Amino acid sequence: MQFQAQVEHLRTPHKWGRPVLQASGTPGQFDSLAVDCPFVFYHHDQFHMMYIGFDGSGYQTGLAVSDNLLDWSPKGIMLERLQGSSRWDHVGAAGSWLLLESNDLHSVPRLKKLNNKYWMIYHSYPEVGYEAGGAVMGLAWCEDEELLQWHRLDEPIFTYENGEPWELGGLYKCCVIVHNHQYYMFYNAKCTGEPWTEETGIATSTDLIHWTRHASNPIIAVKQSTHYSQFFSDPCVKFDDTQGRWVNFGFGFDSHHAQGALAVSDDDLLHWSIYPEPWISHGSQGELDETHAHKSSVIYWRDTLYHFYCACRPAQEGDRAVIHYGENNREFRCITVATSKPL
């Protein structure tokens, strides 16, 4: 009961129920089949969303803009496929996180400059396909104020090869914050074997390039008979400046549905309490998020909390783009939003 009272102001029960961004459905486009993993921020008097596009071969990173957080227009590609290259990230690059000026939940998220550059952490899978192979992380920088010209470091900055058994299957999306004069990277990774689990760990750095894993990893582990019995993934960590505690809008997966999950830390970013029920539940049959409601990006604007997430459901007649996982498994995947107040 006490836990519920502490987090009640973070709820976003009003689902928009329609996409704010969806795949182009155009063959040859980077987002022809699906869009995923929103990251929303404010830049030059306009809202921006970094997101991932999938074309059947791999992931590339796009950028969209909006004046009201509901109507979004694609602007361009931030990280594209490196055709003909032999680099480690030539199959594609999926933007995970952009360095922000503030961790505070109720501050407008603006990009932070370091050495007069903007910085992005991204992850890349080594093989063609949907999340094919064990991904590792890279770092990119940008001086272009339009945020479309990014330069990648030659080598990965964080890999799974030297990790513990819980992460030896590969890395996924991360979240990077600045705290106590160093960088904290929250990341989820998977173990080897089938079916695998995904759990959340932490690593620290003073330069964004050299990272040290924490000895207590994973800091958020899966738990049987819960909505996160198989995954606790995709961290989105903010400081709740009204309550003086850290919150993590991740997602849990129970082998059937991926659903928004909330974890809270009162002090050290290492010890987390997980809300016992899904924070954003999957929808009913036919709804936009019938299958999954996951991969969060949260922004507070004009007394309203906007919780963007990836919504998935079985494909329906009229969908302009679907992913085929098998003969009888066709999925529609888009980005939508839920809010603290009705829109």
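Just so it is clear, none of the values below were taken in a lab; they were calculated from the coordinates. Computed from a prediction, not measured in an experiment: that's the story for all the values here. Cβ atoms come from the backbone with ideal geometry, glycine included; neighbour counts cover every protein chain shown.
Of note:
- Placing a pseudo-label 7 Å from each Cα along the Cα-to-Cβ vector at Ser66 and His181 gives an inter-label distance of 3.9 nm.
- Mean separation of Cα pairs under 8 Å and 6 or more residues apart, divided by the residue count, gives the chain a relative contact order of 16 percent.
- Net length gained if the chain between His214 and His90 were fully extended (0.36 nm per residue, minus Cα distance): 41.7 nm
- In the chain, lysine pairs closer than 17 Å at Cα, eight or more apart or cross-chain: 9
- Cα centroid separation, segment 70-114 to segment 170-214 (Å): 17
- Interchain or long-range residues, amide H under 5 Å from Trp279's placed H: Gly260, Ala261, Leu262
- Shown in residue order for segment 312-326 are the 3J(HN,Hα) couplings computed by the Karplus curve 6.51 cos²θ - 1.76 cosθ + 1.60 at θ = phi - 60°: 9, 8, x, 4, 10, 4, x, 4, 7, 8, 9, 9, 9, 8, x Hz (x for Gly and Pro).
- Close amide H pairs (under 5 Å, H built 1.01 Å from N) link Gly76 with Leu63, residues at least 5 positions away or on another chain.
- Using just its DSSP H runs of length 4 or more, each adding -39500 (n - 2.57), the chain gives a mean residue ellipticity at 222 nm of -500 deg cm²/dmol after division by all residues.
- Distances between placed amide hydrogens fall under 5 Å for Leu21 paired with Ile335, all partners being 5 or more residues away or on another chain.
- Here the Karplus relation 6.51 cos²θ - 1.76 cosθ + 1.60, evaluated at θ = phi - 60°, turns the backbone of segment 244-250 into coupling constants of x, 9, 8, 10, 10, 8, x Hz, with x for every Gly and Pro.
- Modelled spin labels at Asp154 and His14, positioned 7 Å past Cα toward Cβ, are 5.3 nm from each other.
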